[in-house]
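**Student:** I'd like to ask some things about the structure below.
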Ligand code: HAM
């Protein structure tokens, strides 16, 4: 027997109804906001992610599934979608000439993280990226899209955290302030943060270590040090959100673990998820298109993890749909008629199932029940001889015998 690798899941049909509720909510919200789907490749040349996300990030430095192709070039299974969408956008002359471009994507992502509840090595994201404007309206729009998907999926009791990490100038000044703040307190930092202080001081604010978290409480906050334009941008985003009923909470330490962000960052979190509490996240990344060789193009986006959203609706009742009809037969000539009838009903648009090997009525009714069938269509000895079938409503128990050719019309009338 083979086993699946750690952190990789099979998704069986019993999870699919809730799963599809998330996908359905996303498709409906994307349509309302005029986002169109892009299908991006599952792997890219490694430089796309190394340059896009930043060499020092956890994802690039320790979580990528990277291998050489037969020609010796380094390829990586996508750990996220943004870098691929930006690469595709810059590479495609038609789309990057548009004044504004709204794209969404979905599919599996791969990160070699330590598996635990809500943290997988292969997981699925749905995400959206907007290209072409610095207007704070679009930061609001992206957060409203993510919020619409969360609500449409039936997720309750979550919080939206929002921050601005400013422009490059703001960050340089803030990092200098942070370094000054941590000077003389280095011995209270964890080993990782001691190393991070020189290279990437803002990541210290993300550390889960207790002593680092305590120390952070006294640290300067970036929102007190934004330039006028960035502060104004941040205020406008928040006022659009507030006036349109999207409730957010300021988290001045929300810095995110990817290098491409500028200004707005946000996360959708739920305490029901435990340690891995974010189920959707994103932000603005005004420099990435240019960094990838495109013309300067501001952008903002988000991605949601389907498995984490699933965990939040896993306990909810959901009426899963069954099939229209289960055909019950007694073998022999009756089986031949059952196969013919199943084919005719399927051609007429009904979902139908049957078991050619099963002859007992009891066992077949049990299967009809398990498949949540609305009707049982019975071809017993009598029906078989007469060229008829008995259609039984499995909820009410009512039944009627009709000729086989009338069966489809009868099912259509009853629905
Ligand atoms: P991210 O925060 O790395 O952002 O991932 C977004 C979401 O993907 C997370 O909130 C979580 O729900 C899910 N996720 C991430 N890692 C795992 C994992 N190991 N197992 C299960 N779920 C996971 C990004 O990926 C950015 N590309 C978002 C973005 C789009 N920013 C701008 N545009």
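**Student:** If you go through the range 295-313 one residue at a time, how many are over 16 Å from residue 151 (Cα atoms), surrounded by fewer than 20 Cβ atoms within 10 Å (Cβ to Cβ) and touching a helix residue (DSSP H, G or I) at 6+ places or on another chain (Cβ under 6 Å)?
**Tutor:** 1
**Student:** Residues to consider are 241, 226; find the one that is modelled with pLDDT of 95 or more, under 23 Å from the mean Cα position of the chain (by Cα) and surrounded by 18 or more Cβ atoms within 10 Å (Cβ to Cβ).
**Tutor:** 241
**Student:** Suppose we keep only residues that are farther than 24 Å from residue 319 by Cβ and touching a helix residue (DSSP H, G or I) at 6+ places or on another chain (Cβ under 7 Å) within the range 355-379. Which one would you say is surrounded by the fewest Cβ atoms within 10 Å (Cβ to Cβ)?
**Tutor:** 356
**Student:** For residue 187, are the conditions met, namely being outside any strand (DSSP E or B), more than 15 Å from the ligand (Cβ to nearest atom) and over 21 Å from residue 221 (Cα atoms)?
**Tutor:** yes
**Student:** Kindly state which strands (runs of 3 or more DSSP E) lie completely within the range 246-300 and contain at least 2 residues that are within 13 Å of the ligand (Cβ to nearest atom) and modelled with pLDDT of 95 or more.
**Tutor:** 262-269, 278-284
**Student:** Among the residues of the range 120-136, write down those that are in contact with a helix residue (DSSP H, G or I) (Cβ under 9 Å, 6 or more places away or on another chain) and part of a strand (DSSP E or B).
**Tutor:** Hits for the range 120-136 are 123, 124, 125, 126, 127, 128, 129, 130, 131.
**Student:** For residue 140, are the conditions met, namely being outside any helix (DSSP H, G or I), within 20 Å of the chain's Cα centre (by Cα) and either surrounded by 18 or more Cβ atoms within 10 Å (Cβ to Cβ) or more than 13 Å from the ligand (Cβ to nearest atom) (or both)?
**Tutor:** Answer is no for this residue.
**Student:** Among the residues of the range 312-340, which ones are in contact with a strand residue (DSSP E or B) (Cβ under 8 Å, 6 or more places away or on another chain) and touching a residue at least 24 places away in the same chain (Cβ under 8 Å)?
**Tutor:** 312, 323, 324, 325, 326, 327, 328, 329, 330, 334, 337, 338
**Student:** Now for a different question. Please pick out the residue among 142, 126, 149 that is closer than 18 Å to residue 286 by Cβ and modelled with pLDDT of 95 or more.
**Tutor:** 142
The values are calculated or read from the model by the stated rules, or taken from the named source; none is laboratory data. Predicted, not measured: the structure shown is a model, and the values here were computed from it. A quick note on method: Cβ atoms are made from the backbone with ideal geometry, for glycine too, and the neighbour counts reach across all protein chains shown.
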